[in-house]
2 protein chains.
Amino acid sequence: MKELGKKVLAGDIRAASRLIRNLEDQIPNTHIAMQEIFNNTGNAHVIGITGAPGAGKSTLTDEFIYAFRQKDKSVGVLAVDPTSPFTGGALLGDRIRMLRHAEDKKVFVRSLATRCSMGGLSKAVGEGIHVMDALGKEKIIVETCGVGQQEVEIINHAHTVIVVLVPGMGDEIQALKAGLMEVADIFVINKADRDGAGKLYKETLNMVHMSKGAAADNSWNIPVLLVESVLEPHKFAESVDAIREKVEEHYQYLVDNNLLVERMRRKTAAEINEALWGAILQPVLNNLEKDGEIEKMVEQVLKKEIDPYTLADQIASKYVK
Amino acid sequence: MKELGKKVLAGDIRAASRLIRNLEDQIPNTHIAMQEIFNNTGNAHVIGITGAPGAGKSTLTDEFIYAFRQKDKSVGVLAVDPTSPFTGGALLGDRIRMLRHAEDKKVFVRSLATRCSMGGLSKAVGEGIHVMDALGKEKIIVETCGVGQQEVEIINHAHTVIVVLVPGMGDEIQALKAGLMEVADIFVINKADRDGAGKLYKETLNMVHMSKGAAADNSWNIPVLLVESVLEPHKFAESVDAIREKVEEHYQYLVDNNLLVERMRRKTAAEINEALWGAILQPVLNNLEKDGEIEKMVEQVLKKEIDPYTLADQIASKYVK
C-alpha cells in the first residue's frame with residue numbers, strides 16, 4: 001500500500017484510480033497509502049458544485065474543465081453518483097459527456113458510487129480529493145447530486161462552493177431548506193433564458209442580501225451569475241469563463257484574508273471524524289461481516305431474542321477497552 | 001432512563017418527546033430506555049413519504065393524518081428537517097401546518113433536526129419510529145426532505161414507501177438518479193392539474209413497467225395515483241383518501257405474502273449497524289469532545305504534524321482491544 005501511495009505521488013494515473021477504488025471498497029490497510037501521500041496534499045483549490053438534479057451541474061463541470069484547461073491548469077473531477085441500495089453501483093456510470101477530455105492527461109475524472117451507508121460518501125469524497133491533490137491536480141471539482149444534508153457534508157470539503165439554481169419550482173426554497181444558502185460562495189442561475197429567471201435572480205439576490213449578516217466571512221460579496229442554456233454554445237462558454245474568473249477571485253480572497261485555513265479547519269474536523277470511523281468501527285463491521293455474524297444478529301433481533309442496543313453493547317464489550 | 005422507557009410504554013406523550021430529543025442529542029445511556037421499549041415495538045405500520053422539496057410532502061402528510069383519523073387510527077409523524085451546518089437546528093421548526101391536529105391526543109408529530117453528521121439522521125429516524133411504535137401509534141408517517149442517498153436510507157425504515165412527484169423539470173430523472181424507483185411502492189403525482197402532468201404520468205407508468213423485472217417483490221402492482229392541487233380542498237381530500245386505501249392495501253399485501261419480515265430485515269440490518277455506531281464509536285467521540293481533544297487534533301492535522309489516519313490509529317489503539 002505504501003508503494004501505491006508513492007506511485008500516486010509520482011503522478012501515476014492508474015495508481016490513483018486504484019487507490020480511489022480501494023478507498024471506496026474499503027480495502028483493509030488502504031489508509032497506509034493515505035498516510036504516505038498526506039504530506040503532499042493541501043495544495044489544490046477544491047471547488048464544489050451543488051444544486052438540484054437537472055440544474056445542469058454536469059454540463060457546467062464539463063465547461064469548467066475546458067475553461068481551466070485554457071488557462072493551463074490541471075484538473076481533477078470527482079463526481080458523486082447516488083448509490084442504488086440494490087445494485088450498490090452508480091446508475092449513470094462514469095460521465096459519458098466528459099469523454100471529450102479523455103485524451104487529455106491533465107484531466108482526471110472519477111465517479112464515486114459509494115456502497116457504505118454510514119457517512120461513507122463524505123469520507124470517500126474527502127479521500128478522493130487528497131488523492132487528486134497528491135497526484136498534482138491544481139483545480140479539483142467536486143460535483144454533488146441532489147440537495148440534502150449529505151450534499152452539505154460533501155460540499156464542506158470544498159474551498160469555493162458554487163450553488164447552481166434553475167428557474168422552475170421553488171429552487172430557492174430548495175437551497176434554503178437544504179442549508180445551501182449558508183455554504184454558497186457563488187450562485188449560478190443556469191438556463192437563464194427560461195421563464196422565471198428574472199424572478200429567481202431577484203430572489204437569490206435578496207437571499208444573499210438577507211443572509212449577509214449571518215455569514216462567517218462576510219466581506220466576500222457573494223455574486224449571482226447568469227448562464228443561458230446550452231443552445232448557444234459560444235455564449236455559454238463565455239459565461240462559464242466569467243464564473244471561472246469569480247472562482248479564482250474567491251480563492252485569492254481566501255488566501256489574502258487567511259481564510260483558507262478556516263475552510264480547511266471545517267474539512268479537517270470532518271476528516272478526523274471519518275478517519276476515526278475507519279480506524280475504530282469499520283474493522284469491527286468487517287470482522288462481523290466476514291464471519292456472517294451480521295446475518296445471525298439480524299435474525300436474532302427479528303425474532304426479538306435480543307434488541308439491537310443490548311447486542312451492540314455485547315459487541316462493544318468484546319472490542320472496546 | 002429505564003423509567004423513561006416505562007413511561008413511554010404507558011402512553012406518556014411528554015416522555016416520548018423527551019426520549020426522542022435525548023436520542024437526537026445523543027445523551028449517554030439513552031439506549032437503556034430503548035432496551036426497555038424494544039419488545040413492544042414492531043406493531044405499527046410505517047409509511048415513508050419522499051420526493052423533491054416542493055413536491056407537497058408536508059401537505060400530503062397533513063391530509064394523511066386526517067384520512068387515518070377518519071378511520072380511527074392513531075397516527076405518529078416523524079418529519080425530517082434538514083440540518084444547517086451552522087445553527088445545528090431545523091430551519092423550519094415544527095410544522096406549523098400540522099397545528100390543526102395539536103389538540104388531537106391520537107396524533108403525535110415530531111420534527112427531527114439531527115446534528116450528528118455520521119449517519120446519525122437515519123439512526124434517529126429508526127429510533128424515533130420505535131418510540132412512536134411503543135407509544136402505541138398504529139400508523140407512523142416518516143416524511144423526508146429532498147431526494148438523495150440519505151433519503152433512501154431513511155426510507156428503508158418504512159414498510160410502505162410513497163414517492164411524490166410533481167410536473168416540472170426532470171422529476172422522474174430525480175427519482176431515478178436518487179434510486180427512488182427501486183424503493184417506491186406507490187407513486188403519487190401531485191399538482192396533477194399543472195402542465196406536463198399527463199406526460200409525467202405516462203413516463204412514471206413506463207418506469208414502473210420497465211423496472212418490474214428488477215423489483216424484489218414483484219407481484220405488487222405499483223400504482224401511480226394523481227392528486228390535483230390544493231385549490232379544490234374537497235377533491236384533494238378524496239384523492240388523498242384513495243392513496244390511504246392503496247397504502248392499507250399494500251400493508252395487507254405485505255402481511256398476506258409474509259413480506260413484512262423481509263422489509264423488517266432490511267431495516268434491522270441498518271439498525272444494528274447504527275446501534276454499533278452508538279455503542280462503539282459514539283462514546284469515543286464523546287470522550288474526545290469532552291476533553292477538547294478534537295480541537296487539538298484538528299490543529300495538529302492543519303499544521304501537518306500528523307495525518308488523520310495515523311491519528312485515528314493512535315486513538316483506536318487506546319480504545320480498541
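Step through the table entries B:Lys123/B:Lys296; B:Lys202/B:Lys246; A:Lys123/A:Lys296; A:Lys57/B:Lys267; A:Lys267/B:Lys321; A:Lys303/B:Lys57, compare each Cα-Cα distance with 23 Å, and write down the pairs that go over it.
On the way: B:Lys123/B:Lys296 28 Å; B:Lys202/B:Lys246 20 Å; A:Lys123/A:Lys296 28 Å; A:Lys57/B:Lys267 33 Å; A:Lys267/B:Lys321 29 Å; A:Lys303/B:Lys57 34 Å.
The answer is B:Lys123/B:Lys296; A:Lys123/A:Lys296; A:Lys57/B:Lys267; A:Lys267/B:Lys321; A:Lys303/B:Lys57.
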What GluC sites (Glu not before Pro) in the stretch A:243-321 are in a loop by DSSP, with at most 14 other Cβ atoms within 10 Å of the Cβ? A:Glu305
Pseudo-spin-label distance A:Asn221 to B:Lys235, built 7 Å along Cα→Cβ, given in nm, is 4.9 nm
Using the basic label-point model (7 angstrom from Cα toward the beta carbon), what is the A:Arg69 to A:Asn40 distance in nanometres? 2.4 nm
About its Cα centre, how strong a charge dipole does the stretch B:273-319 have in debye, to the nearest 20, once Lys and Arg get +1 and Asp and Glu get -1 at the Cβ? 80 debye
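Report the local net charge at A:Lys73: Lys and Arg +1, Asp and Glu -1, summed over other residues whose C-beta lies under 11 Å from its C-beta. Write down the numbers at each step before the final one.
Values: positive: A:Arg69, A:Lys71, A:Lys106, A:Lys137, A:Lys139, A:Arg244; negative: A:Asp72, A:Glu138, A:Glu248.
Local charge sum for A:Lys73: +3.
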In whole angstrom, note down how far apart the Cα centers of the stretch A:19-52 and the stretch A:244-300 are. 10 Å
Contour minus Cα-Cα distance for A:Arg21 and A:Lys290 (0.36 nm per residue): 94.8 nm
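At most 14 other Cβ atoms within 10 Å and a DSSP loop assignment: could you name the trypsin sites (Lys or Arg not before Pro) in the stretch B:276-319 that fit?
Answer by residue number: B:Lys303, B:Lys304.
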Using Cα-only point scatterers and the Debye equation, what is log10 of I(q)/I(0) for the stretch A:273-319 at each q in 0.18, 0.25 Å⁻¹, rounded to two decimals? -0.59, -0.97
Would you mind listing the distances between the A:Lys106 label point and the same position in each other copy? Use 7 Å along Cα-to-C-beta, nm, one decimal, shortest first. 7.0
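Each reported figure results from applying straightforward, stated rules to the coordinates on display, with no laboratory input. For clarity, every value in this text was computed on a predicted model and none was experimentally measured. Here Cβ is always computed from backbone atoms with ideal geometry, including for glycine, and neighbour counts include all displayed protein chains.
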